[in-house]
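A quick write-up on the structure given underneath.
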2 protein chains.
Amino acid sequence: VTVRAGIVVTGTEVLSGIIRDENGPWLSEQLRGLGVTLSDVIVVGDRPDDLHASLDFLAAQGMDLIITSGGLGPTADDLTAEVVASFAQRPLAVDPDLEERVWAIVARMRGRWRDASEEGMRAGARKQALVPEGAVVLEPVGTAPGLVVVGDSVPPVLVLPGPPGELQPMWSAALDTPPLRALLARAGVLEQRIMRVTGVPESELARLLREAPLELGRLEITTCLRRGELEIATVFEPAADGDYASLESAVVDRFGDRVFSRDGSTVDEIVAGLLLGPPVTTVAVAESCTGGLMAGRLTDRAGSSAYVLGGVVVYSNEAKPAFADVPAELIASVGAVSPEVAAALADGARARFGAGVGIGITGIAGPDGGTPEKPVGMVCVCVSTAAERIERTLQLPGGRATVRDRTTTAVMHLLRRLLLAGGAAEAA
Amino acid sequence: VTVRAGIVVTGTEVLSGIIRDENGPWLSEQLRGLGVTLSDVIVVGDRPDDLHASLDFLAAQGMDLIITSGGLGPTADDLTAEVVASFAQRPLAVDPDLEERVWAIVARMRGRWRDASEEGMRAGARKQALVPEGAVVLEPVGTAPGLVVVGDSVPPVLVLPGPPGELQPMWSAALDTPPLRALLARAGVLEQRIMRVTGVPESELARLLREAPLELGRLEITTCLRRGELEIATVFEPAADGDYASLESAVVDRFGDRVFSRDGSTVDEIVAGLLLGPPVTTVAVAESCTGGLMAGRLTDRAGSSAYVLGGVVVYSNEAKPAFADVPAELIASVGAVSPEVAAALADGARARFGAGVGIGITGIAGPDGGTPEKPVGMVCVCVSTAAERIERTLQLPGGRATVRDRTTTAVMHLLRRLLLAGGAAEAA
């Protein structure tokens with residue numbers, strides 16, 4: 001039995017692109033883990049009619065569950081509880097106990113704001129305590145309570161707040177409510193597997209899928225190019241496990257070590273694992289055009305202080321000799337954007353920080369600064385240890401942000417190669 | 001006359017949250033500029049029935065225009081042209097000239113990939129040249145052509161490719177097609193204004209809107225908290241210009257200099273403008289817990305090399321004395337996370353790089369490393385010039401990524417204050 005769900009994300013600020021929706025993707029992942037098939041994510045503004053129409057649409061599509069995010073705040077443009085009550089044909093009333101609990105939270109936060117008025121905050125708390133008759137209340141994580149609203153002839157609606165920091169902790173409480181427990185008991189289990197490939201065009205994968213003697217009928221395969229990598233995501237019922245195994249073998253046979261992940265792990269995770277060892281390998285960065293993003297990406301992960309010693313952002317030409325020991329003569333002779341300077345940056349970062357691995361990055365992120373010989377998007381990167389060095393001169397497509405981001409991805413892959421080679425050398 | 005549009009974003013990889021949709025927000029902004037009201041953004045997977053149902057829904061909602069993004073690639077899961085042809089009841093056929101143009105592009109790209117086969121790429125080009133009868137073809141930017149499909153009893157559908165780098169350049173060509181020109185001629189003009197406020201709770205703004213003697217009926221006001229700032233976006237017809245002016249005055253009267261932007265400019269833009277002067281003020285960073293993100297944020301902007309000299313990521317305690325002249329005794333006596341060390345980092349960055357402004361950041365991003373005295377989320381920041389210094393000890397909510405990101409926002413606001421004060425001093 002398939003359980004299908006639809007998500008409605010509310011908020012003019014999301015619809016208008018002012019803020020990005022993080023809840024659709026997160027909920028999607030949670031639902032997949034529970035064997036629920038997600039059909040649609042609909043983003044609507046703060047117009048009640050549009051929200052109502054999208055609920056009606058999802059109900060008409062035969063959804064077993066609708067999840068809303070957002071529109072539970074204290075301001076007048078937050079209308080979700082009201083619209084869902086109307087959709088489920090349940091009258092709305094203030095829950096006085098809930099109002100007090102919300103007020104207790106709001107009152108604690110008052111100190112954080114200069115001259116916030118009690119009266120305004122009281123009115124907000126009362127609005128946030130409006131509950132459709134018979135709904136299950138999910139206790140607030142921020143100030144907004146969530147709701148599970150069950151109507152007579154419509155699918156149950158799980159009403160969650162918009163801030164991801166509130167929505168995510170509320171999710172497990174929602175799963176524990178009787179309406180959702182009953183629904184999820186009906187859901188089957190779907191497997192989801194992800195392979196990641198670097199340096200392969202999408203059309204080559206398409207050809208493999210067309211031509212290889214594979215049973216693909218029971219596999220839902222999606223391929224996408226993302227940050228320069230090709231991701232192959234496959235969803236299937238457990239009975240199709242053998243079909244997936246054949247697909248995986250065919251992809252690995254065809255593309256070899258360009259398939260860098262078979263378990264969905266990202267190159268960042270793989271590199272972090274390799275650096276953590278044991279033994280731990282430390283790393284330091286000297287970067288120019290990425291301006292700190294390489295070090296920022298390496299330190300994204302909790303626990304990265306175990307292996308990241310630090311970095312230097314040598315944005316000006318004067319900074320390259322001063323902070324990474326790049327000889328000024330070298331810059332003068334071959335130019336700041338050159339494989340030689342990238343190598344000197346990597347070696348300099350390693351020496352200055354006393355790290356096991358050094359990373360050097362120098363390039364032209366654009367939009368200005370390109371020349372016919374060294375166009376925008378040309379980036380020289382190098383990763384080095386005392387024993388080994390891998391250099392690449394990249395020519396990256398796209399605008400400034402893309403060039404900077406793709407550079408960090410390319411360096412992650414070089415790090416992976418360097419660390420795997422080092423491990424092999426050690427084992428030999 | 002209001003012209004209404006809906007957007008359908010296709011792709012299981014977007015629906016499942018593997019990649020983020022950038023096209024909905026971008027198209028939303030373009031439509032707003034043209035006076036078109038966007039009602040819904042619907043994300044569906046690569047199931048043809050779901051795409052068809054969402055087109056039917058938007059048509060039933062009375063949309064004047066539907067825009068799709070994605071599903072135009074060479075692989076079998078790319079089905080948009082086929083589904084839109086069925087929706088508009090137009091037969092689909094290969095356009096042989098278009099096929100040759102697509103093939104010419106694909107053939108040029110072949111060299112980028114190891115062992116890509118001509119046959120696979122040929123089949124892909126043929127698929128991408130399938131055009132519904134009577135549709136206007138938009139020339140490919142990548143390899144995928146776009147389409148404007150006009151049916152008899154359905155709204156026109158603008159079919160665009162998924163990659164933002166292809167969709168965005170194709171947009172102006174799309175606006176220049178007869179069906180879209182006709183439609184846009186009917187659209188009115190809507191004004192959009194944005195104010196940005198820091199340090200004000202949403203409920204206080206709500207109270208102001210409730211209590212102030214303002215005419216708000218013709219203003220569509222949306223407020224949202226974003227990266228710790230409050231954004232007030234208002235859309236209105238030109239006739240309501242005076243109402244908006246009154247709203248703006250009321251907000252500025254009430255919140256004073258916490259209203260840091262009245263023209264929608266971001267704090268990043270404001271700081272960049274202040275640094276550019278004239279005269280130019282240079283800046284350098286010494287950062288610990290943000291791990292490069294502060295320098296990365298400062299260098300996000302094209303032209304930032306005019307004022308960013310560089311930075312050091314002093315992630316380890318040994319790096320702080322070595323790269324930013326923080327006395328080791330100071331770290332030993334007051335701890336690495338302290339206002340004193342933040343100030344020493346700012347001064348050290350300034351001195352080492354010879355910059356006009358130094359930024360120092362040290363804190364506990366979590367999830368580990370917190371203590372009762374110095375909990376996760378405590379971050380000490382400092383911005384300094386030779387003459388002035390502003391320090392703050394922040395206690396930020398949220399997880400590691402949020403703490404790191406909010407820290408950079410807080411520093412941007414301190415930079416703004418420091419630079420405005422400097423400017424005032426100069427003028428005096």
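Label-to-label distances for residue A:375 across copies, nearest first, come out at 5.4 nm, using points 7 Å from Cα in the beta-carbon direction.
Using only Cα atoms, tell me the angle between helix B:339-353 and the longest principal axis of chain B; keep it within 0 to 90° and round to the nearest 10. The angle comes out near 70 degrees. Under the simplified labelling scheme, the residue B:328-residue B:60 pair shows an inter-label distance of 7.3 nm, with each label point 7 Å from Cα along Cα→Cβ. The residue of chain A whose Cβ sits closest to the rotation axis that maps A onto B, together with that distance in whole Å, is A:292, 2. Here is how far apart the residue B:303 label points are across copies: 4.4 nm, shortest first, using a point 7 Å from Cα toward Cβ. Annotation: the antiparallel percentage among DSSP beta bridges lying fully within the stretch A:279-428 is about 55. For the stretch A:301-420, the Kirkwood hydrodynamic radius comes to 14.6 Å, computed from all pairs of different C-alpha atoms.
Taking all protein chains together and rolling a 1.4 Å probe, residue B:289 ends up with roughly 10 Å² accessible.
Quick one: work out the % antiparallel among DSSP beta bridges in chain B, nearest 5.
60 percent
Based on DSSP H segments of at least four residues, each scored -39500 (n - 2.57), chain A has a per-residue ellipticity at 222 nm of -12500 deg cm²/dmol.
Its Cα centre serving as origin, chain A has a Cβ charge dipole (Lys and Arg +1, Asp and Glu -1) of approximately 900 debye. Against the main long axis of the alpha-carbon atoms of chain A, helix A:202-211 sits at an angle near 80°. Computed from the Cβ-Cβ distance with R0 of 51 Å, the FRET efficiency linking residue B:185 to residue A:210 stands at 0.65. What Kirkwood hydrodynamic radius do you get for the stretch A:1-77 when you take the inverse of the mean 1/r over all pairs of distinct Cα atoms, in Å? Across the stretch A:1-77, the inverse of the average 1/r is 12.9 Å. Between residue A:421 and residue B:246, the FRET efficiency from the beta-carbon distance, with R0 = 51 Å, is close to 0.15. Can you bin the stretch B:160-312 into rounded, prolate or oblate? Criterion: square roots of the alpha carbon gyration tensor eigenvalues sorted a ≥ b ≥ c, rounded for a/c under 1.5, prolate for a/b above b/c, oblate for the rest. In terms of gyration-tensor shape, oblate. Antiparallel beta bridges, as assigned by DSSP with both residues in the protein assembly as shown, represent about 60 percent of the total such bridges. Placing unit charges on the Cβ atoms only, positive for Lys and Arg and negative for Asp and Glu, gives the protein assembly as shown a dipole magnitude near 1740 debye about its Cα centre. Here residue A:134 yields copy-to-copy label distances, from shortest upward, of 4.8 nm, the label point defined as 7 Å from Cα along Cα to C-beta.
The values are calculated or read from the model by the stated rules, or taken from the named source; none is laboratory data. Because the structure is a prediction, the values reported are computed rather than measured. Neighbour counts run over all protein chains shown; Cβ positions are idealised from the backbone, glycine included. Keep in mind that these areas ignore ligands, DNA and RNA; they rest on the heavy atoms of the full protein, side chains included. Shrake-Rupley method; radii C 1.70, N 1.55, O 1.52, S 1.80 Å.
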